[in-house]
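Have a look at the structure below before the remarks.
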Amino acid sequence: MNRLTTPAHRIVEDASSAHSEQASFSSTTEAVQEVARIIRERRTIRSFAKRAISGKELANLLDLAAQSVLLEHEPEALRFIICASEQGKRKAGAAIMDAYSSQGLYRWMPGKFIQAMAERVAKIPAIVAVIRRELADDASNDRQLAAASAIVHSFTLLAWERKLGLVWNTEPIVEHAALTTGIGLAADERLICLLYIGEFDKMPKSKRRTAAQEKWTVLGKQQDKEGHA
Amino acid sequence: MSLQTTMEQIREYDRFSARPVTEEQVLSLLDEAVWAPNHHMREPWRFIWIAKDYRDKLGETLAKNEQSQLLALIQEAAACLIVAAPVPSDEREAKDDFAAACCLVQNLQILAAASGIGMSWHLPMRFENETFCSATELQPNERFVGVLGFGYFEDHWTSKLEKRSVRIDIW
Ligand SMILES: Cc1cc2nc3c(=O)[nH]c(=O)nc-3n(C[C@H](O)[C@H](O)[C@H](O)COP(=O)(O)O)c2cc1C
């Protein structure tokens, strides 16, 4: 076996035995294994069980997720709307369907398609809108998008740990005025994505990932991988 | 230990421990991190390991700029990795790919924390410094997703812990 494919938990074992004085941080083999398991097993969930979920619980997870992103950004220029009540979901659902059915975007879509989609949207247990305020320059806007994506992903993993699945929706509707004004975005606000969230009964199959080694470049002198440093 | 506990340990550090973080370690964390969601399985990322003897050369491209934190990372971090993403011509694909690569970086942040390793994440833009881009061999159809610095946590170092408040409305 290539030494470079040593599993993460082995390396941590080595590290912690060499430096046991680091005990006050709970960096353990189990910690890495548990985190790696959640990251590997997480799947995009596109069809949900009918059970309702709590908006407050989602808000707590989002808040925690927002603390876990260290990229410099402006948190006050990001915001989230969680639609979990029947009323809130109706409002979001109507705005989503307005965008789908409006002229120009999905003109080819037959009426019964729209109808089927409306029924699907109505059944989603919770919808989260991820919103950024446009900042003065491109660099800042890109960093806001990066930070928001990382927050969403931390949130996804925290939700997964609680058996909640989600899918990102970044279809062209997210830029459509029927949707953005429908959920009350200001003129300088952009909808990054919608998240559809819920419990699920069926777990989709995983799709194989390419090993990091295959996308790896070294700049500078290649370190001795056989360990005879 | 739960994911939540690990996430609560993620914090910013002023300094990096001198204790080494090896190429093998980072690669093994990356092999878990690549399980990030990504649209149409484009796996839109590439990794550039900056070996120790390349740090000065890379640092020199920054000296004239005011990116002092980035410079400190490149000079001092126990390990330095750059994550780059392709920029497809389709605007939606480009956004999706960038976002997916950010998910991968966040996976790395969490996996590192579980291993007792801190990670700082900087995001330079191509137009901010072309010399830096060419020193990293960033391709014309690529962009940075992160210049990442890794180092072990040290107990006695103070961490900057300011709570970020994002607005969350519940409907
Ligand atoms: C930035 C981003 C945007 C995405 N947009 C969509 C989308 O619009 N519709 C959809 O069905 N899935 C979307 N996905 C989910 C991906 O298709 C999914 O991650 C991929 O198929 C891999 O499957 P997995 O997440 O189960 O590993 C998106 C994922 C990311 C990271």
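Quick rundown of the values:
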| read-out | value |
| --- | --- |
| The range B:75-133 and the range B:35-63: distance between their alpha carbon centers, rounded to Å | 7 Å |
| Scattering curve values for chain B, log₁₀ I(q)/I(0), Debye with Cα scatterers, q = 0.12, 0.13, 0.16 Å⁻¹ | -0.58, -0.68, -1.02 |
| Selected from A:Leu194, A:Thr156, A:Trp168, residue furthest toward positive end of dipole (the range A:152-195; charges at beta carbon) | A:Thr156 |
| Peptide B:90-96, shielding by other chains (average Cβ, 10 Å cutoff) | 3 |
| Segment A:Thr44-A:Trp108, extension gain: residue separation times 0.36 nm, minus the distance between their alpha carbons | 20.3 nm |
| Peptides A:200-206, A:173-179 ordered by average Cβ neighbours within 10 Å, highest first | A:173-179, A:200-206 |
| Farthest toward positive dipole pole in chain B [+1 Lys/Arg, -1 Asp/Glu at C-beta], among B:Gln69, B:Gln109, B:His40 | B:Gln69 |
| Partner chain coverage, peptide A:70-81 - average Cβ within 10 angstrom | 5 |
| Sum of -39500 (n - 2.57) over DSSP H runs of 4+, divided by residues of chain B (222 nm, nearest 500) | -11000 deg cm²/dmol |
| For the protein assembly as shown, alpha-carbon Rg and Dmax in angstrom | 21.3, 68 |
| Over the range A:59-203 - Rg/Rh using Cα atoms and the Kirkwood inverse-distance radius | 0.97 |
| Environment charge at A:Arg79 (Cβ cut-off 15 Å; Lys +1, Arg +1, Asp -1, Glu -1) | -2 |
| Shielding by partners - mean other protein chain Cβ count within 10 Å, residues of B:34-43 | 5 |
| Selection from B:Phe132, B:Trp171, B:Ser89 lying farthest towards where the dipole of chain B points positive, charges on Cβ | B:Trp171 |
| Estimated dipole of the range A:139-229 in Debye, rounded to 20 [Cβ of Lys and Arg +1, of Asp and Glu -1, Cα centre] | 440 debye |
| Distance (nanometres) between label positions extended 7 Å along Cα→Cβ at B:Lys57 and A:Ala187 | 5.1 nm |
| Cut-off under 5 Å, modelled amide H: who pairs with B:Val145 long-range | B:Val83, B:Ala84, B:Ala85 |
| Antiparallel %, DSSP beta bridges [both residues in the protein assembly as shown], to 5 | 85 percent |
| Size descriptor, Kirkwood hydrodynamic radius, that averages inverse alpha-carbon separations across the range B:69-134, Å | 13.6 Å |
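Taken together, the values in this text are just the output of simple stated rules run on the coordinates, not laboratory data. Keep in mind that what you see is a predicted model, and the values were worked out from it rather than measured. Using ideal geometry, Cβ is built from the backbone for each residue, glycine included, and neighbour counts are taken over all protein chains shown.
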